[in-house]
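Written out below as structure tokens is the structure these notes cover.
The values are calculated or read from the model by the stated rules, or taken from the named source; none is laboratory data. Keep in mind the model is a prediction, meaning the values are calculated, not measured. A quick note on method: Cβ atoms are made from the backbone with ideal geometry, for glycine too, and the neighbour counts reach across all protein chains shown. For accessibility, only protein heavy atoms count, side chains too; no ligands or nucleic acids. Shrake-Rupley method; radii C 1.70, N 1.55, O 1.52, S 1.80 Å.
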Amino acid sequence: VQLQASGGGLVQAGGSLRLSCAASGRTFSNNAMGWFRQPTGKERGFVAAISWRGGRTYYADSVKGRFTISSDNAKNTVYLQMNSLKPEDTAVYYCAAALGSIATTLRSEYRYWGQGTLVTVSS
């Protein structure tokens, strides 16, 4: 089972990036999916989550209105569209699959993790 995150890079403040998380080895259409991020020297924190088949979404307050999580079950892929990026969004972003089908902000509920993709936002 693998989650492959991609799409990170260097962008100026105010710019946009779209992260992708492709799952292989099994389907995650019955699992909630989430994105977390870890700035250098800090704890990994919740960013966004989506329920099975995209029925419900949750966002961290710091990204509400700027980030959008979505899923394409046919492609077994989850996306994170990030707009109006700020320097404080700089972090390694990780995608994860939860054990259950309901979106959750709790890191402990996520069992499968991708390798992370670095997002750097310059001022």
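Summary of values
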read-out: Apportionment of accessible area to carbon and sulfur, the chain, percent (1.4 Å); value: 46
read-out: Shape call, region 52-123: gyration tensor on alpha carbons, a/c limit 1.5; value: prolate
read-out: Shape of region 64-106, Cα gyration tensor, a/c cut at 1.5; value: prolate
read-out: Overall Cα dimensions of region 1-80, principal axis frame, Å, largest first; value: 35, 24, 23
read-out: Formal net charge of residues neighbouring GLY8 (Cβ-Cβ distance under 13 Å; K, R +1; D, E -1); value: +1
read-out: Cβ crowding within 10 Å averaged over residues, with 5-12, 76-83, 97-104 ranked highest first; value: 76-83, 97-104, 5-12
read-out: For peptides 36-44, 84-92, sequence by mean Cβ density within 10 Å, most packed first; value: 84-92, 36-44
read-out: Cross-link reach list, aspartates and glutamates versus LYS64, counting only Cα pairs under 18 Å and skipping chain neighbours closer than eight places; value: GLU88, ASP89
read-out: Accessible area of ARG111 in the full protein assembly, 1.4 Å probe (Å², nearest 10); value: 150
read-out: Residue-normalised accessible area of region 82-123, expressed per residue, 1.4 Å probe, Å²; value: 49
